[in-house]
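Asks: Take this structure, written in structure tokens, and hold onto it; I'll ask about it next.
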Amino acid sequence: MNRSVCLAVFAALFAAPLLCHADPPRNIALTFDPATKYLKVVMDHPSRDIQRHYIKQVEVTIAGIPDATIIQQTRTQTGAKGQELIFVLPDARSGARISVTGTCSITGTRTAVLTTR
């Protein structure tokens, strides 16, 4: 068998178990308080080892305001069930469309959108 084929098969067999346990956030719940301008982000992302498998990046954007993007990078998540973060969005007005994207440390992303009242 060709050496590159053997190497590819070995890599696939090695990576498969890792990818089976890696996933994007299952759900992203967003809550915005217009009085305080606080955005609470709760991501369901179960992990047995939050130092290795966690939400590594959260990106928050407000549609129409390109300079209002927040990128939060982390090296762990807040608990074994997932990631919880709070952001202050002073530029968010009534009717603003807020997008939040969570990225897994191993593989996968999920985005949730909230329109403020």
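Every read-out reported here was derived from the displayed coordinates using simple, explicitly stated rules and does not represent laboratory data. None of these values were measured; they are calculated from a predicted model. Every residue, glycine among them, receives a Cβ derived from its backbone with ideal geometry; neighbour counts consider all protein chains shown.
Asks: Which whole-number percentage describes the relative contact order of the stretch 56-117, with Cα contacts under 8 Å and a sequence gap of 6 or more? Can you show the working numbers first?
Replies: Values: 94 pairs, mean separation 23.1, N = 62.
Normalised by residue count, the contact order of the stretch 56-117 is 37 percent.
Asks: What does the highest-first list of 31-38, 55-62 look like by mean Cβ count within 10 Å?
Replies: Values: 31-38: 12.4, 55-62: 19.4.
With the highest mean Cβ count within 10 Å placed first, the list reads 55-62, 31-38.
Asks: At a 10 angstrom cut-off on C-beta neighbours, averaged per residue, how do the peptides 105-111, 77-83 rank from highest to lowest?
Replies: Numbers: 105-111: 15.7, 77-83: 18.0.
Highest mean packing first, the order is 77-83, 105-111.
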